[in-house]
Ligand SMILES: [Zn+2]
Ligand SMILES: [Zn+2]
């Protein structure tokens, strides 16, 4: 397969690419699955959800 699909983090407020082996960019985002979070604590500087 030549094309590598870039999955985005499943946390809606997060704009980071997910890890290759997961649906989230970080453990922080993975923990938000149960509750709706308005900001993201993943710590990635490019994340638009991190206030
Ligand atoms: Zn994020
Ligand atoms: Zn994320």
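Computed from the coordinates by the stated procedures, all read-outs in this text should not be read as laboratory data. The structure presented is a predicted model; accordingly, all values stated were derived computationally and were not measured. Heads up, the Cβs are rebuilt from the backbone with ideal geometry, glycines too, and the neighbour counts pull from every protein chain shown.
So how do 8, 30 line up by other beta-carbon neighbours within 10 Å, fewest first? Could the numbers behind the result be given before it?
Values: 8 14, 30 17.
Going from sparsest to densest Cβ surroundings: 8, 30.
Assuming 0.36 nm per residue, please report the length gained on full extension of the stretch residue 10 to residue 46 beyond their Cα-Cα distance.
Numbers: separation 36, 0.36 × 36 = 12.96 nm, distance 1.59 nm.
Once the chain is fully extended between residue 10 and residue 46, it gains 11.4 nm.
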